[in-house]
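Inspection log for the structure reproduced underneath, given as structure tokens.
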Amino acid sequence: MSDTQSGRREHQLATIRDRLDAGMDRREFFRALASGGYAVGMAHLLGVDDFLGAGNDEVPIVTALSRSDPDDPWSLEERTRHVPAAWYAAVEKAIELNELLARFGFTGYLGSAVVPGDYDSATATVSIGISSNADSIAKQLDDLADGVSIDIETIVDVESHEDGLEWLEPRVVESVSERAVPSGVACETPSSLATLGPAMYHPDEKREFFVTAEHAFDGEKGDAQLTLPVEEVEQFDLGPVEYAHPVEDVVAVEPAGRLTPSNYIDTPTGARVRGQLTRWGLADLVARGETLEKVGALTGHTEGRIQGIDAVTCFTDEFCRAGQIRWGGEMDLTDGDSGSVSYHPDPGGEDGDVLVAGFNNARTWWPGQSYVWGVAAYKLTEQYGYHF
């Protein structure tokens, strides 16, 4: 971001603060944030105190939705953090450019992602994958970039998909003496093996669901059952598919037996889901060099750095998937790990509490790039109201 842009943002911040101190009401506050360039999706979560509590060159962001009561999934509250205003402006501009690319696309466009810089640099990059000449695309994007760095990479051999690590044995539940089934273990569809995710909730219906990857169900979902393989026992029915979301690659399964979804992830040390990260929470993790973790039914527990947020992927279907996370490396996921979630420790929770980042449903298989991707939790909340 240029010095002129940085100065303009600092002036906007000062103006908004002056108006707040003068007694601006809530509606005027939101209007002022919007006029100052702040995303409406973030502004409606922030209060006047959040904004006034930031320094002169800072802005507040909502980083997570976390439960005030760990046992009450409906007790979500916002976690906020103050970040440099110049960094916020750079990342927001990158998000806007990335959304523009996804909306209109261009010949050869295979996907893109936002890569926030660290707080000191106050920069952001949009990483773009293409299947055609990079020089011609770069010239077309020059006018749109407006201070955002562009990283264009030509991707080849996208059509050749390699099989997963088939020699791995799936992690299955030892017994079902407890009603709640932890996530990170194997589950089965009529046609495939996947990983069971943690309990997913819908606040409007006050319902909880088992959850896994949609692509693990081959063909019509209908009343297809999700089952749980158990050591020394054939299997247990978890329930039928209630909602299928092919674009997001997620299914919500209605519990239909004595077994119920759990907030616990079967990690080496044990982890309890306390909530979920927002888009800006993910951006904050990237800026601070933090990592994500996951537990898959085949590869188990792995950890890796975040390579891109708000990503768009157009590699596997005739449509593109938005609101994705790119993280780790392609060896962090194999066939059977789909449906697992990526997560990060909850800094405001108790020991072992974690915040879900998103799902892990695919990996790169072409030369030059290496990461896992899947839909972010915030995207499911925005689109359907689900939360963790």
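Structure data summary
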read-out	value
Output for the range 330-349, where each listed residue is closer than 20 Å to VAL185 by Cβ, free of Cβ contacts under 8 Å to residues at least 60 places away in the same chain and open to solvent by 20 Å² or more (accessible area, probe 1.4 Å)	ASP332
When residues of the range 350-370 are limited to those that are open to solvent by less than 30 Å² (accessible area, probe 1.4 Å) and in contact with a Gly (Cβ under 6 Å, 6 or more places away or on another chain), the one farthest from ALA113 (Cα to Cα)	LEU355
Residues of the range 323-338 that turn out to be within 27 Å of ILE95 (Cβ to Cβ) and either in a strand (DSSP E or B) or at pLDDT 95 or above (or both), as a count	10
Unmet requirement for LEU238, which otherwise passes all of (1) under 21 Å from the mean Cα position of the chain (by Cα); (2) at pLDDT 95 or above	(1)
Residue count, the range 65-122 (criterion: open to solvent by 60 Å² or more (accessible area, probe 1.4 Å), hydrophobic (A, V, I, L, M, F, W, C) and touching a Lys or Arg at 6+ places or on another chain (Cβ under 8 Å))	1
Residue satisfying all of: in the range 113-130; assigned to a strand (DSSP E or B) and among the hydrophobic types (A, V, I, L, M, F, W, C); farthest from ALA90 (Cα to Cα) among these	ILE130
Pair list, Cβ under 6 Å, 6 or more apart: the range 223-236 residue acidic (Asp, Glu), other residue at pLDDT 90 or above	ASP223/PRO240; GLU231/VAL172
The lone exception for LEU196 - which of (1) at pLDDT below 95; (2) at negative phi it fails	(1)
Search result, residues across the range 185-201 that are open to solvent by less than 10 Å² (accessible area, probe 1.4 Å) and assigned to a loop (DSSP other than H, G, I, E, B)	VAL185, LEU196, GLY197, PRO198, ALA199
Options GLU318, GLU382: the member that is surrounded by fewer than 18 Cβ atoms within 10 Å (Cβ to Cβ), touching a residue at least 40 places away in the same chain (Cβ under 8 Å) and either within 18 Å of the chain's Cα centre (by Cα) or more than 18 Å from LEU282 (Cβ to Cβ) (or both)	GLU382
Filter pass, SER66 being of a type outside the set (Asp, Glu), at pLDDT 90 or above and within 18 Å of the chain's Cα centre (by Cα)	yes
Among residues of the range 365-379, those that are closer than 17 Å to HIS344 by Cβ and either assigned to a loop (DSSP other than H, G, I, E, B) or in contact with an Asp or Glu (Cβ under 6 Å, 6 or more places away or on another chain) (or both), counted	3
Filtered residue count, the range 285-312, keeping only those that are open to solvent by less than 20 Å² (accessible area, probe 1.4 Å) and under 13 Å from the mean Cα position of the chain (by Cα)	9
Subset of the range 226-274 (residues that are open to solvent by less than 60 Å² (accessible area, probe 1.4 Å), in a strand (DSSP E or B) and of a type in the set (D, E, K, R))	ARG272, ARG274
Residues within the range 202-216 that are closer than 20 Å to LEU333 by Cα and open to solvent by 10 Å² or more (accessible area, probe 1.4 Å), tallied	2
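For every residue, the table says whether it meets (1) closer than 12 Å to SER66 by Cβ; (2) among the charged types (D, E, K, R); (3) at pLDDT 95 or above.
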residue: ASP346; (1), (2), (3): yes, yes, yes
residue: ASP351; (1), (2), (3): no, yes, no
residue: VAL356; (1), (2), (3): yes, no, yes
residue: THR364; (1), (2), (3): no, no, no
residue: GLY368; (1), (2), (3): no, no, no
residue: TYR371; (1), (2), (3): no, no, yes
residue: GLY374; (1), (2), (3): no, no, yes
residue: TYR378; (1), (2), (3): no, no, yes
residue: TYR386; (1), (2), (3): no, no, yes
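The values are calculated or read from the model by the stated rules, or taken from the named source; none is laboratory data. Keep in mind the model is a prediction, meaning the values are calculated, not measured. So basically every Cβ, Gly included, is an ideal-geometry build from the backbone, and we count neighbours across all protein chains shown. Calculation scope for accessible area: heavy atoms of the full protein, side chains included, ligands and nucleic acids excluded. Shrake-Rupley method; radii C 1.70, N 1.55, O 1.52, S 1.80 Å.
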